[in-house]
Structures are given as C-alpha cells and as structure tokens.
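Have a look at the structure below, then the notes.
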Amino acid sequence: MANTAVATGASTRPNYGSMSRDRTWALRWSYFFLVLFAIFFLMPPIYMLITSLKTSAEISAAKNPWWISNPTLQNYIELLTQNQFLVFFRNSAIVSICVVIITMLISVIAAFALARMKFWGSATLATGVFLTYLIPETLLFIPLFKMFAWVNEVFGVQLMNHWWTMIILYPTLTVPFATWIMIGYFASIPKELDEAALIDGATWMQTLTKIFIPVALPGIIAATIFTFTVSWAQFLYPLAFTTSTSELVLPVGIVTTLIKGDVFNWGQIMTGALLGAAPPLIIYAFLMDYYIAGLTAGATKG
Amino acid sequence: MADIAARNPAVVTGDRRSSLHKLMQRKSTIAFLMALPLILLLAILVAYPAGFAVYLATLNKGMTRFVGFGNFEFLFGRDTFWLVVYQSCLFAITAVIFKAIIGFVVAHFVHNIPSKGQRKWRGMLLVPWVIPPAMSTLAWLWLFDPSYSALNWILAHFGIGNVPWTGEAGWARFSVILVNVWIGSPFFMIMYLAALKSVPEQLYEAASIDGATWWQRIWYVTLPMMRNIIAITALFSLIVTFANFDIVRVLTAGGPLNSTHIFGTWAFRVGIEGGDIPLGAAVSLFMVPILAVAATFILRDITKRGSEV
C-alpha cells in the first residue's frame, strides 16, 4: 500500500504511515509501563485493603497472601466500636479542622497584605515566609520540647501531653506554605481589578473579601486541601509531645497502640492504617484537580 | 480609617498630595497589622526555636552549664554519629536521584498517551503521595514482614529466596530508600508532567524535521526546557528527604544496629527518648548546612524568575 502511494507520487503518504505506526507502538509501550508503575504505586494500599478484610487465622495461615478466602468486616467492626480508636479519630478531626481554619485566616490575610499592600520590609518578609517553609520540623521539635517545659515553669500552662497543643504547633508547618501559594495566586490577579474597587470606594477588607477571595478561590481550595492533608498526616510532633492514649492523634495512635510488644495484629493495624488514610484520600478523589494545581503552584509560582 | 479617606472623594480632591501621603501611610500600617499574626507565629514558633536550638546545643546534659562545642566534640568521637552522617547522605541523595528518574520516566509515559486518559492515570499514580506517610509505611512494614512477607511470596515464584528486607543492614537501607522513592516519585511525576506540557510543540516539530531521534529530542529539547523545574524539584525534595522522620521511624526505628538512623530519627532517639536534649539539638543542627545550601539555590532561582516577570 505504502509503495503504491510513493509510485503514484503522493510523497507525504508513506512517511505519515510509518510515523503513525511508530506512534501506535510508542502508545502500547507507554500503556505497558504505566500499568507496571501503577501496580508498583498501588500495591501497598491494595494490600492494606486485602489484609484488612481477613481474620487473624487466615493471615497467619501459610497461604497466598494476595487472596482472601473468607472476606470479613470483623476488623472494621472491632476498631470502630473501640472507644480508643474513636478518640484518636476525634482528636485528629478536631485538630485538623482547627488548623485549617487558623491557617487559612492567617495566611490569606497576610498573603493579601504581602502581595498587594506593600509595606516596609514586606519583600523581606515574603522571602522569610519562604525560608521558614524550608525549615523542617525535625530541626524544631527538640527546642520546642524545652520551650514547653519553660512555659510550664513560668506561666503554669502545661503544653505537653495534650492533643490541643497540636493546634498551636501545626500552623508552623502549614502557614508558610499556604501563604506562599496565596501570594502567588494573588500576584496573578490583574492590578486593575483592585484599583477599580478602590476607586469605587471599597475598603481594603472589602477588596479582599469581594474580589480577591472569589477570584483566587481555586488557590484557596488548594491551600485548604494541603493544610488538611499535612495536619492529618503529621507524625513527629504528636509522637514527641503526647504520650497518654487519650491524647494521641490518629497516625501516632495506630502506630503506638496497635503494635503491642512483639504481638502484631496485622489485620487491625492495616484496617487502622486504611481508615487513617481514608480522609485525605476521599478529599483527593473529589478535588484532585485543585490538589494537583496547588502542588505545581507551590514550587513554580514565585 | 483609610476607608473614610478613600470613600470620600472630597478629601482626595481637596488636599490631594498630603491626603494621598496619609492614605499610603495608613495603608502600610494596615498591611503590617494584617501580616502581624503571621509574623508572630513564625517568630515565636519557628525562628526562635531555630535559634534556641543553637544555644541548647552548647549546654551539658542537665542543661545547667555552658560547654561550648563539647557536644559536637563528643559526637565527632562517636562511630554511630559518622554512621548517621553516612546514612543520611546516602539516603537523601540516592532517594532523590531515583525519585527524579522514575518521576521523569513516568511523566513521559503519561504525556505520551491521549490526553483524554491522562487525568485518570495521573490520579491513580499520585495516590502514594496523598496517603499519610506513617500509614503507608505501615503497609510496607507488613509487606516486608520477616515471616509473612507478601513480597517474598511473589519473589519466590521467580526463584528468589527469602529477602531480609528490614533485618539486615544493607537490605534495611535499601528498604527505607525504596519506601521513600515510592512516596516521593509521584510528586516528581506531577511536576515534570506540568513542565512537559509547557514545552512548545513547535520545538519538537522543528527537531523531527531536522531528523532528530527520540533520544536527541529528549536531550536537546526536553531537558534544556525543563532544566529549571528539574533542579528546583530536586532541591525541594532533597530538603524534605534529608529531614525525613516518619519512614525510618516506622519501618526500622533506626535498626538494625543503628544502620538506618538518619539525623531526624537519631536526634529523636538521643534527645527525647534518651533524655539528652542538648545532644539531640546538636545532632539535628547538622542538617542545617545542607539545608542552607539547597535553600540558597532555590531562593536564587525564585528571585531570578521574579525579576524576569
């Protein structure tokens, strides 16, 4: 076919044919490798689900670990009727929701001031916000530990071993990032928009609430999702600062209480881990596009 | 206050210059007040503790006496410390390289397929990044279980005997890197995919007219166009990976025989569990140099791009 096309003088034809054949093969290989990578990336969560549906007897039987013979919801029922697990869940939920509210209030207002209402030192402060975003919590937990002891001595306020301490601590991880994203989104809004509002007699607060927040709503949603995900997943601070079982948040609670000495009840651990991973995953499933937009904006917008 | 001046046109037209000046002054005062919660939060809970860590590191164990560089000297004399330095660098550098390579390759495959299906694949491949690391590491711990390892069960079908995933120093190091790569490469994938989409199609057309092979297209078109994103993503990830805690803590807790401890987990072991807060602070401070270098490069890139715009 291709040869006859050349013979009749339609010179673009054969070329096009071989290119599309290359393209088909490239596509097949792409799908093949994507399936391989998807298996690699989804294997642990799927194995969590498989294990969570098994009884302890089935887990310890030397059979195919990837197959469930007698699926059961027993692990879920046991965990969800256990008071302790519900306490972890409640602690995590309250902490995350409070942190989201505090973070968004602080960072949206501050980002507006930094992006639009330049003041003395505002450029330095913007850089400073970014720098604090780069300071990891592994550097801060030891001095904070000592500072809490000092606060207890001087003010008589015990910050150690309380889940609500996390509401004070988590914003240090979420505010710099949320502010940084919001500065980027606000900076991309045309100046004419807020100038028009100011000329029409709007106050700064009105400009923020009536113009900037609606226009930058995708950015706000992205920052909110991130704040929630980060505070739900945080592990080091609660591990360092809380010990009583009634004060633990979900990730730490699952890791420290479900593993009892050398006895591993893997069915329950995997159920707990899956339930712990569920809230961020559900939010992600519904708001994936905002999530991805925020991810790329965080590092690329400057 | 500023609203009155702004709302009342008579004020503005009447005494134009001075009221404008006042307006500007008020504006910056309001702006400062709006940023004040942020400033206080970061000053009290980030900047102050960071400085306080330096002071803490110069005290003795009971925090009663100034010992200068005593803690650092003590660390330099310990084999475990050098093991931690080695492992931290090995862990961070290897993991970042593999994350970048896998992210780049997967981004290419996703970019190759028709854009209709891309969203679905992208969504599926980003799942490891969304699950809280402590939770997904638990799943890996169970996959690596010495007696019931589901991975070894699969490998046995390929004739590979029992792999001591977390039991032996070399394998344990491999395992923590593997889990970190699993969690982190989706992030690289998303960043590189966004960068790939921003490369103008005409460049590829011009390259294929000039007879470039697919490898030449990647080397001379894609990579130079993506250089910035590749660098900044890698630097970001280097900071996060170097300061990692969750994965090592849950998977091996530093073992076997401290061979997988990195700065974060060892500082926790020494400072919180061992009760020697100054020594723990000294350990964590060793993260600062590499963080500072990475941060400098990132900032330079950002200010450069800021001035271009």
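Each reported figure results from applying straightforward, stated rules to the coordinates on display, with no laboratory input. The structure presented is a predicted model; accordingly, all values stated were derived computationally and were not measured. No Cβ is skipped: glycine too gets one built from the backbone with ideal geometry, and neighbour counts run over all protein chains shown.
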* Shielding by partners - mean other protein chain Cβ count within 10 Å, residues of B:137-150 -> 6
* To do: Pick out the long, greasy-scoring helices in chain A: whole DSSP H runs spanning 27 Å or more along their own axis by Cα, mean Kyte-Doolittle at least -1.0.
  => A:12-52, A:83-116, A:266-286
* Asked: At what distance in nm do the modelled label points of B:Lys61 and A:Gln84 sit from each other, each positioned 7 Å from its Cα along Cα→Cβ?
  -> 3.2 nm
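Given the -39500 (n - 2.57) contribution per DSSP H run of 4+ residues, what per-residue ellipticity at 222 nm results for chain B, rounded to the nearest 500 deg cm²/dmol?
Estimated from H runs of four or more residues: -23000 deg cm²/dmol.
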* To do: Within 10 Å of each Cβ in peptide A:230-239, how many partner chain Cβ atoms are there on average? Round it to a whole number, please.
  => 4
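Would you kindly state the longest site-free stretch of chain A, with sites defined as chymotrypsin sites (Phe, Trp or Tyr not before Pro) in a DSSP loop (not H, G, I, E, B) surrounded by at most 15 other Cβ atoms within 10 Å?
Within chain A, the longest run free of exposed chymotrypsin sites (Phe, Trp or Tyr not before Pro) spans A:165-302.
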* To do: Starting at the first residue of the range A:200-205, write each ³J(HN,Hα) from the Karplus equation 6.51 cos²θ - 1.76 cosθ + 1.60 with θ = phi - 60°, in whole Hz, x for Gly and Pro.
  => 6, x, 7, 7, 4, 5
